[in-house]
1. Within the group A:65, A:58, A:71, which residue is within 15 Å of residue A:6 (Cβ to Cβ), within 8 Å of chain B (Cβ to nearest Cβ) and more than 21 Å from the chain's Cα centre (by Cα)?
2. Out of all the residues in the range A:88-134, which are more than 13 Å from every other protein chain (Cβ to nearest Cβ) and under 25 Å from residue A:57 (Cβ atoms)?
3. Restricting attention to helices (runs of 4 or more DSSP H) lying wholly within the range A:175-266, give those where 1 or more residues are under 30 Å from residue A:24 (Cβ atoms).
4. If you check residue A:312 against the conditions, is it within 29 Å of the chain's Cα centre (by Cα) and among the small types (Gly, Ala, Ser)?
5. So, in the range A:18-58, how many residues would count as being out of contact with any strand residue (DSSP E or B) (no Cβ under 8 Å at 6 or more places or on another chain) and surrounded by 23 or more Cβ atoms within 10 Å (Cβ to Cβ)?
6. Return yes when residue A:137 is open to solvent by less than 60 Å² (accessible area, probe 1.4 Å), within 12 Å of chain B (Cβ to nearest Cβ) and within 19 Å of residue A:168 (Cα to Cα) and no when it is not.
7. Out of the residues in the range A:74-87 that are more than 7 Å from every other protein chain (Cβ to nearest Cβ) and assigned to a loop (DSSP other than H, G, I, E, B), state the one that is nearest to the chain's Cα centre (by Cα).
8. Working only within the range A:184-224, note down all residues that are in contact (Cβ under 8 Å) with a residue 24 or more places away in the chain, open to solvent by 60 Å² or more (accessible area, probe 1.4 Å) and under 14 Å from residue A:161 (Cα atoms).
Amino acid sequence: MPAIEILGLEKTYSVGFWRKRRKRALYPLQLTVEDGEVFGFLGPNGAGKTTTLKLLMGLVFPTSGTARILGQEWTDPAVKAQIGFLPEQPYFYDYLTAHELLNYYGQLSGVPARQRSKRVEEVLHQVGLHDVKGLQLRKFSKGMLQRVGIAQAILHDPQVVFLDEPMSGLDPMGRREVRDLMEQLKHEGKTVFFSTHILSDAETLCDRVAIIHKGELRGVGVVEDLTSTVQGKVEVIWQGTEIPASVRALGADCHISGGDRVRAIVAENQQDAMIDALRREHQRLISITPVRTSLEAYFVEKLRHAESTAASTV
Amino acid sequence: MTNFGVKTLPMKSRISHIASNTFREAVRDRVLYNLIAFALLLSGAAILVGQISIEIEKLVVINLGLTAVSLFGVVIAIFIGIGLVSKEIEKRTLYTVLSRPVRRWEFIIGKFSGLAGTLVVNTFFMAIGVFLALLYVSHKFVKADSLIFVALYFIILEFLIICALALLFSSFSSPLLSAVFTFSLFVVGNFAQDLRNFAAMEHGITRWLATGAAYLVPNFSAFNVITSIAHEQPVAGQLIVTNTFYALFYALMALSGAVLIFEHRDLK
């Protein structure tokens, strides 16, 4: 059973003073996320990522379409007990301490009283806020609030976790911790649906990604499939400070990097000749890897394609 | 089911958790500090009245005390009530509440209950102040003083209506407009009886419009028994029953309106 099934969810807002102008935030969206997947929802700012998440959380109402989470109607309160949600740039009741806030959310989520306190402590440890648990949230930095946001999203041990830009506002250490946490959630068999515009995060973490642009889905796929388009070239790295003439003769595109390493991109059919040339020159080979399209390149290509299609239809 | 045996709470529990958080917010935001101003006002008035007035100290203390209880409460009801929903939307604190197993109507009822609870607690402490001031000026309590409880009860009923109205306006308009609407209705509502009398004297369309307006605005004039209680005049049992049902009905209607609007509102 898929964890999330989005069946044609669509959102059009009425805007303007008389609310007569229509602005489409999301075209009918069809998407399925399997149980236990880490799914990245990618798109530039204003693409419709947050609208999709708000629709799934019941914060805005769809113009048409429906969705199912864990096989049940997405608006069912029983489903909501099994999902966690981190909004983008979260803001919480700042008169509460981190401990009080999590306890309150635990109450609303139905975490039994006898386990609540222990669970709150655990989660506070997990996100590195245990030492400041008694501090009112109005004294928290943006990064600390993001951690509180993550804590409240996983507090009730949900089966499906929705994270809207989870790395936003975090320092490199914090980002690393969130990545670890998402990997841990995956390891525990949870489904993670997260939106981001930071492609390296998606590339590292996701089983599959979807790309959305201007409210329309532009592509869905397994990260490795999207990035495994071998372009018929290999990357060869060896230790050295100069580029031998025999290597240049093979037509390799070479650069010296880091002072003592040479990185060369060469046609796949020249790979053996390249290795032979390096052996003859007594160079120390470090690695040979096929050149793959990065997720970023795939993403940019999809967006460019979308832009050019839009321009040609005008 | 998840590992913690998380289960959907009974609706009453969710509402009570939201209500107690609303109460905690009011306390943390130092709303109850108004009690200090109230205590200063009342003790100052009691001492002053004790020195300058003869025979009417009690009348003045009851009038002043209960009017202050009412006004302080109304100000709190309006200024907290107007932000109950709009502030949560604006600050997006609502997102992490409504993404849990909480229905929108439960949120509205929880918020209303929390504010009503805050006002009841506030009124309780103010009532203690009124009785202490009364004891100070008259040195003893008499049976007629128990009528003050009726006035306090009517004041609380009045608060319920104001809270519900503030919530209703807060569910679709900005805090400033909500404050203007609620305060206007409070003022007009205090003249509701005059509006009804005016309607009775008019003819034609003016009569219809005035009658409609008179019955639409909350009839706060029926809740104001402070002067008669200060003169130790009893309050008819029928008025207590009528006011109770009227306040509950009016608050329920306003809350239903708030729920109806909020249930269909997109939280952008």
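1. Working: A:65 fails: within 8 Å of chain B (Cβ to nearest Cβ); A:71 fails: within 8 Å of chain B (Cβ to nearest Cβ).
None of the other options fit; the residue is A:58.
2. Correct list: A:98, A:99, A:124, A:126, A:127, A:129.
3. Details: elements: A:199-205, A:223-227, A:245-248.
Output list reads A:199-205, A:223-227.
4. So residue A:312 does not fit the description; no.
5. So the count comes out to 1.
6. Considered against the rule, which asks whether it is open to solvent by less than 60 Å² (accessible area, probe 1.4 Å), within 12 Å of chain B (Cβ to nearest Cβ) and within 19 Å of residue A:168 (Cα to Cα), residue A:137 comes out as yes.
7. Ranking the candidates gives A:74 first.
8. If the condition is that a residue be in contact (Cβ under 8 Å) with a residue 24 or more places away in the chain, open to solvent by 60 Å² or more (accessible area, probe 1.4 Å) and under 14 Å from residue A:161 (Cα atoms), then A:186 is the only one that fits.
The values are calculated or read from the model by the stated rules, or taken from the named source; none is laboratory data. As the structure is a prediction and not an experimental result, all values here were calculated from the model. Here the Cβ is made from the backbone with ideal geometry for all residues, glycine too, and neighbour counts use every protein chain on show. These area figures cover heavy atoms from the full protein model, side chains too; ligands, DNA and RNA do not enter into them. Shrake-Rupley method; radii C 1.70, N 1.55, O 1.52, S 1.80 Å.
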